[in-house]
Amino acid sequence: MKKILLLFGILLFVTSCEETDIPNPNSPTAAAVLGAPTDYQTIIDGAYYSWWNALHKYDPYFTLNVAADFATSSWGNFGMRDVGTVATPYGVGDHSAINNSTTYGSRAFITTPYYGLSEAIVGVNTIFNEININDTKVIETDGTDNTNHVLATGYFVRGISYGYLSLLFDKSFIFIEGGDPATLTADVLKPYTEVYAQAISDLEEAITLGNGLSSMEVNGFNGLTLNKTEFLQLANSYIAKFTAQLARTGSENTSSDWAKVLSSANAGIDYDLAPIGDGGTSWWHGNYYFGNPGWVRLDQKVVKMVDSSQPYPFPASGSYTIPATMPDARFGVGKDFVPQTSIPFREDRGTYFYSYYAIQKYIAYASDLTLPMVTFPEVENDLLKAEALIRTNGDKEMAATLINKTRVTRGGLAPASATDADLLDKLFYERYLNAYEGPGSAFFDRRRTDDLGSKQFKELPIPALELQTIGAEVYTTGGI
């Protein structure tokens, strides 16, 4: 078991005012705060909510979808207008740099994932410090040793937290258990590639420990109980996802470890990961507003992808006549993408924000906050496998079959074939229309295919407050 340095100086919690609370590792003692070892699994499960809360609500869920030209909205909430606004030429001009300051009103799309994911990691580390460093065992009342179950589920949630830090931020701290406290300073910030490596190490440790258990009952995702097989599949799927979506450029994407993506996706999920909403108390999803046609629309770039007869960018005049039907069966009344008769956005903010199509695959969630909330659909794992097959010159017939699972059955389109020169284009078409549920998925896909808007940010900066706290220079990303 790893026994390496625990960096106690992380900002554990940030209030709505972003005040910092730097924990003292000596008073009170960690053991006194944690309670009995039989409570450790509950504490680990709480880290799953910290992970969920950091990614799936308005910030950064809405922001990243608008930045990716998957969704569009000119409203100022969640930084959407800021990341969607462009300079001349109309509709396709340059984006500005992110406003990374402590006074920026929409800074939550930077701070929420950074501090929320860090909180999940620290929650796990408090338990790991007791188990891995102090050799505490988790013995249940019936005498069962549950230590490795706690560790497996802990490595998993720490792994997916590091994984999203690596996808979202240019760098981060790496906090792991053991040893003496150390002060966090700018010189120990690690590049996203090292953060990714930590994520994969944790997920692989979770798989190793899980494989050694006779059974598992994983309850961290609200309303779900994953068994051993489902847990191991999910850990493999996240390894595939993080490995595929880490790249910042097309050339980096080509060099990604596609053999690893393929082997992991082959062992991945055959179900949708969809925690159950708790009525809006804690476990809820940004889909509460995302399907509201007054808040968000499908970006015109995606509309043009689906129907080449429609314009991109949206006409400066502010209107055009949409066709009565679309080539894709996922468009239409009662479907995933529903045409509207009017557009709610302000003309003075740029009619290039306009779109006639609402994103309503999960519109039922707006009135029922107890529905399943999809965050990793089975189809995404299928498409990761298909992409890896294509990029490793593997079985392209199988890749086409995987693409057609949604292309034909949901889209009503002509089947893709192994000999298609545009097979990857058809794959990404399905990713944008049928695998966009994961936080930032469309953004990560645009980034790794060099398809983000001009000078759009490719990753988030460390929040200004954190940089000031450690005495580092505040910087930003994008705009260059």
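Tabulated values for the structure
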| item | result |
| --- | --- |
| Scope the range 395-425; condition of a type outside the set (S, T, N, Q) and either buried (at least 21 other Cβ atoms within 10 Å of the Cβ) or in contact (Cβ under 8 Å) with a residue 40 or more places away in the chain (or both); matching residues | 399, 400, 402, 403, 407, 410, 411, 412, 413, 416 |
| Residue within the range 209-217 that is surrounded by 16 or more Cβ atoms within 10 Å (Cβ to Cβ), closer than 30 Å to residue 428 by Cα and among the small types (Gly, Ala, Ser) present | no |
| Residue within the range 325-336 that is in contact with a Phe, Trp or Tyr (Cβ under 7 Å, 6 or more places away or on another chain) and not assigned by TED's automatic domain parsing to the domain that holds residue 240 present | yes |
| Test for residue 338: is it within 30 Å of residue 86 (Cβ to Cβ), out of contact with any helix residue (DSSP H, G or I) (no Cβ under 7 Å at 6 or more places or on another chain), at pLDDT 95 or above and outside any loop (DSSP other than H, G, I, E, B) | yes |
| The lone exception for residue 143 - which of (1) under 17 Å from residue 43 (Cβ atoms); (2) surrounded by fewer than 23 Cβ atoms within 10 Å (Cβ to Cβ); (3) modelled with pLDDT under 95; (4) of a type outside the set (A, V, I, L, M) it fails | (1) |
| Residues of the range 80-102 satisfying the condition of being touching a residue at least 12 places away in the same chain (Cβ under 8 Å), of a type in the set (A, V, I, L, M) and over 9 Å from residue 352 (Cβ atoms) | 80, 83, 97, 98 |
| Residues within the range 236-280 that are under 17 Å from residue 195 (Cβ atoms) and among the acidic types (Asp, Glu), tallied | 2 |
| Number of positions in the range 285-335 that are part of a helix (DSSP H, G or I) and either among the aromatic types (Phe, Trp, Tyr) or on the phi > 0 side of the Ramachandran plot (or both) | 3 |
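The values are calculated or read from the model by the stated rules, or taken from the named source; none is laboratory data. Only a predicted model underlies this, so the values are computations on that prediction, with no experimental measurement involved. Here Cβ is always computed from backbone atoms with ideal geometry, including for glycine, and neighbour counts include all displayed protein chains.
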